[in-house]
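Scroll down for the structure; my scribbles are underneath it.
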Amino acid sequence: MTGIRLHAPAPGWTVDADVVVVGSGVAGLTAALRCTSAGLRTVVVTKANLDDGSTRWAQGGIAAALGEGDTPEQHLDDTLVAGAGLCDEHAVRALVTEGPDAVRRLIATGADFDRADDGEIALTREGGHHRRRIAHAGGDATGAEISRALVEAIRDRGVRFIEHALVLDLLKDAEGRTAGVTLHVMGEGQHDGVGAVHAPAVVLATGGMGQVFSATTNPPVSTGDGVALALRAGAEVSDLEFVQFHPTVLFLGAGAEGQQPLVSEAVRGEGAHLVDADGVRFMLGQHELAELAPRDIVAKAITRRMLEQGAESMYLDARHFGAAMWEQRFPTILAACRAHGIDPVTEPVPVAPAAHYASGGVRTDLHGRTTVPGLYACGEVACTGVHGANRLASNSLLEGLVFAERIAADITAHGPRRSGPPVLAAEPTVLPLIGPEARREIQRIMTGGAGVLRSAASLSAAADALEGLRLDAEEERKAAEPGVDAWETTNLLCVARVLVAAAGEREETRGCHWREDFPDRDDRDWGRHLVVRLTPDRRPVVRRTDGADFPPVTPDAPLEPLS
């Protein structure tokens, strides 16, 4: 193993495989199923239970051109508009053209989507879409149904999996190629359950990093582990400054922390209105799609109105749906609201933006390959170029599905390329661990300095505060002992520092990156991506690409680092 690694015990056990997939959402399980079907020995490593990732929390659905009159070209146009000039069109075209058949294969795997009276898949609309192209299941429980189907398929195929395992670091061979991962299996109060899975191909599908903020729609497991691992291994990340804040998250009070209930965009797709405390529909006239404008536009409009009125929330009014529609179409959301003392049938629902989705992540090519040979990434942990500066609603499940299949095809086509066993660097850089007590401080710093509204002053203050936490850990007496909480907190600090560095560099407002000191979009200077790597002394270095698209790659070569 070379490069930077977490402070952890040496592996006490090993498992051999052809492919190790880290994560058990739609991306990870799809990659695992396809690799297994190709005859590859595949091991799935997941942080909690197989069905505990972000996928099962997805409410709205999965977008694909499945309806009459809809086309991949129209889906592409909507995606490019939402991405605010930074989408890689080649990646988007792959997504929208391969998407419909990928959804059909998901159905063949066992996913049961809601059907219209004529037996066809029922489709709805969400923000940024000009057509009804969102397939859903269980009304507003799409992610849960997809997760159920994929987990059943994994169990039926006999795929080996390791649950309750936190991935730690990437293993490499003497040539610098991927050779597996180290991981810690969380037992009953056990802190020394570190082992390794040896494999020449590693697929990161670890999901997002929403827990870097105080309030998020992400589950507790979303602590940026995959992005942090990739950075320590020498991989590049891109577009990390573009964090999508979902505009309509159930507002539970100014002090609410952790995972917050999402009020799906599909509620607005079915006709709900955004109103202020006076009942005024403030989205009218701000965008041709009003409440169904892309998420960045709606989140900014809500934030502006809150600032203008000194309010802590806005409201989503769907009283005109009636009880029957709420119960049939949005049973999950209805139950969540009522559990918090709010009845959407009779009163407007208080909502406010909260951290939802990382549009950026580990930089990949169209086959999911990163700049580290043998290391792949897909789903929210990856930056494929599909989302640009702002993800189009319900493209996330589709991206995970399509690019997981592409990764499996690439691994299968080239075969497991073993060069040798994992090796340890003579003097590896061991990363001091951050104490678990710093987790809330990191979240407070990020929410205040790098949240919905950012400025040079807020980002500089955040960078200084985060650096202070890092320096504290450098002092041996303040460094934490190895353990799950310390590893997660250290990963959060890593991704927070990189995010703040990128956000401070991008001096414009674009997509879901909003700078109050640079309120305009600047295509001349900023119509490009920001790519970040860690230096050997663990400092983020930010560079701009020359154009909107990433450099091209060849089928038989790994993604090259930017020079």
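The values are calculated or read from the model by the stated rules, or taken from the named source; none is laboratory data. Note that this is a predicted model, so its numbers are computed, not measured. Cβ placement follows ideal geometry from the backbone for every residue including glycine, while neighbour counts extend to all protein chains displayed.
With respect to the conditions (1) within 22 Å of Pro9 (Cα to Cα); (2) in contact with a helix residue (DSSP H, G or I) (Cβ under 8 Å, 6 or more places away or on another chain); (3) not in a helix (DSSP H, G or I), Val227 lacks only one, and its number is (3).
For the stretch 24-33, check the following and say yes or no: at least one residue is surrounded by fewer than 19 Cβ atoms within 10 Å (Cβ to Cβ), of a type in the set (A, V, I, L, M) and either part of a helix (DSSP H, G or I) or modelled with pLDDT of 95 or more (or both). No, that holds for no residue.
Residues of the stretch 302-344 that are among the hydroxyl-bearing types (Ser, Thr, Tyr) and part of a helix (DSSP H, G or I): Thr303, Thr332. One residue stands out in the stretch 338-396 among those that are acidic (Asp, Glu) and touching a residue at least 60 places away in the same chain (Cβ under 8 Å): the one that is farthest from Glu89 (Cα to Cα), namely Glu380. Scanning the stretch 264-304 for residues that are surrounded by 20 or more Cβ atoms within 10 Å (Cβ to Cβ) and charged (D, E, K, R) yields Glu265, Arg268, Glu291, Arg295, Asp296, Lys300. Scanning the stretch 294-311 for residues that are of a type in the set (A, V, I, L, M) and over 14 Å from Phe245 (Cα atoms), we see that the one that is modelled with the lowest pLDDT is Leu307.
Against the list (1) part of a helix (DSSP H, G or I); (2) over 17 Å from the mean Cα position of the chain (by Cα); (3) closer than 20 Å to Leu229 by Cβ, the condition Pro482 fails is (1). State all residues of the stretch 105-161 that are closer than 24 Å to Pro294 by Cα and in a helix (DSSP H, G or I); if no residue qualifies, say none. Correct list: Thr142, Gly143. Among the candidates Thr346, Thr332, Thr364, Thr370, the residue that is β-branched (Val, Ile, Thr), surrounded by fewer than 24 Cβ atoms within 10 Å (Cβ to Cβ) and in contact with a Ser or Thr (Cβ under 9 Å, 6 or more places away or on another chain) is uniquely Thr332. Checked against the criterion of being charged (D, E, K, R), farther than 26 Å from Gly360 by Cβ and surrounded by fewer than 23 Cβ atoms within 10 Å (Cβ to Cβ), the candidates Glu98, Glu89, Glu68 yield just one match: Glu68.
None of Asp173, Asp156 is among the acidic types (Asp, Glu) and touching a residue at least 12 places away in the same chain (Cβ under 8 Å) except Asp173.
Residues considered: Glu399, Glu405. Of these, the only one that is surrounded by fewer than 23 Cβ atoms within 10 Å (Cβ to Cβ), modelled with pLDDT of 95 or more and either out of contact with any Phe, Trp or Tyr (no Cβ under 9 Å at 6 or more places or on another chain) or under 19 Å from Arg93 (Cα atoms) (or both) is Glu405. Of the candidates Val15, Val19, the single residue that is among the aliphatic types (A, V, I, L, M) and within 17 Å of Phe403 (Cβ to Cβ) is Val19. Summed over the stretch 57-77, residues that are under 19 Å from Pro294 (Cβ atoms) and assigned to a loop (DSSP other than H, G, I, E, B) total 7.
Residue-level check: of (1) assigned to a strand (DSSP E or B); (2) at pLDDT 95 or above, Val430 misses just (2).
Residue count for the stretch 433-466 satisfying the condition of being acidic (Asp, Glu) and at pLDDT below 95: 1. Every test in (1) over 23 Å from Glu265 (Cβ atoms); (2) surrounded by fewer than 22 Cβ atoms within 10 Å (Cβ to Cβ) is passed by Val167 save one, and that test is (2).
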